[in-house]
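Below is one structure, written out as structure tokens; the observations come after it.
The values are calculated or read from the model by the stated rules, or taken from the named source; none is laboratory data. Keep in mind that this is a model prediction, so the values were computed, not measured. In this analysis, Cβ positions are derived from the backbone assuming ideal geometry, glycine residues included, and neighbour counts consider all displayed protein chains. Note: accessible area is taken over every heavy atom of the protein model, side chains too, but ligands, DNA and RNA are not part of it. Shrake-Rupley method; radii C 1.70, N 1.55, O 1.52, S 1.80 Å.
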Amino acid sequence: MDIATPHANTLSGVVVLLLLDYLTQHRAWGWLKLAQGPAGLKGTPGLLFSKVMGSGQNGGFSLRPSSSHQGLLCIFDNPNDAENFMAGPHVKACQERAKEHWLGMLRITSSRGAWDQQAWDITPGTKAQAASAGPLAVLTRASIRPAKAMAFWRHAPASQASLEQAPGCMLAMGLGEAPLVRQCTFSLWQDTQAMLDYAHQGAHQSAIQAAYKQDFFSESLFVRMQVLRMQGHWKGQPFEHPMELAHG
């Protein structure tokens, strides 16, 4: 679903994603972080790109916003800076105020499209390890043309339900920079085949066909990533996947 967009530059690095479900007493603190956006991370060593995003009800894809679910997405120049950030005070402060969280470090293995006119390149060192065993993560995002927003959202509920129930889907969350028109989806899969089975059938396939036919998006991005490391609990399920990183 990528749209041909002139790219101002290309990003290449390690992705860090933090998903959060804040405790009731800390929701105001979380909303402050959302309001600050990337400005709250100014000066972070090695940080190339960041987004602080809200979510739909229960962390899904609903038009009704969640008062507690958020996501923080970052791209770092190198694994050392990514690891330092993951273990640093910003992430810890978020985790301490969350009922549940998921934290992952990911390596980009393929990418199409752009986000804010920035393409995402394959993380250095990926090609030799792209077929390694382990979980697969997928990120999709789109800038929806305002005139097409309601048509897009007619497809979203069925696509969401099929994603959450898809065999092999370990985790799925809807994220967004702005209500209705700047949307993002993150999903975690047991393997590539499970992801492909979901992508090429049912409600999701119908949504893709509609997006192409009706020209829903002014810009979009589709990224596959290898999970290098993850930790946390999400919707009662524990997650842990350590992997040795090649530094330098």
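Rolling a 1.4 Å probe over the protein chains gives H101 an accessible area of about 40 Å². Classification of region 1-96 by its C-alpha gyration tensor yields an oblate form. The axis ratio a/c (a ≥ b ≥ c) is 1.5 or more, and b/c is at least a/b.
In whole angstrom, region 15-60 maps to an equivalent ellipsoid with semi-axes of 21, 13, 9, each derived as √(5λ) from the alpha carbon gyration tensor and ordered largest first. If the segment from L34 to R64 were pulled out straight at 0.36 nm per residue, it would be longer than the present Cα-Cα gap by 9.1 nm. Ligands, DNA and RNA are left out, and with a 1.4 angstrom probe the accessible area of region 1-109 is 43 Å² per residue. Of all lysines in the structure, the ones whose alpha carbon falls short of 19 Å from that of K213, not counting any fewer than 8 places away in one chain, are K148.
Listed by chain and number, the lysines whose C-alpha is less than 16 Å from the C-alpha of K235, apart from same-chain residues fewer than 8 away, are K99.
Rolling a 1.4 Å probe across all protein chains gives D81 an accessible area of roughly 40 Å². Computed over region 163-202, the percent of Cα pairs more than 15 Å apart is 44. Using a simple spin-label model with pseudo-atoms 7 Å out from Cα toward Cβ, N9 and Q201 lie 4.4 nm apart.
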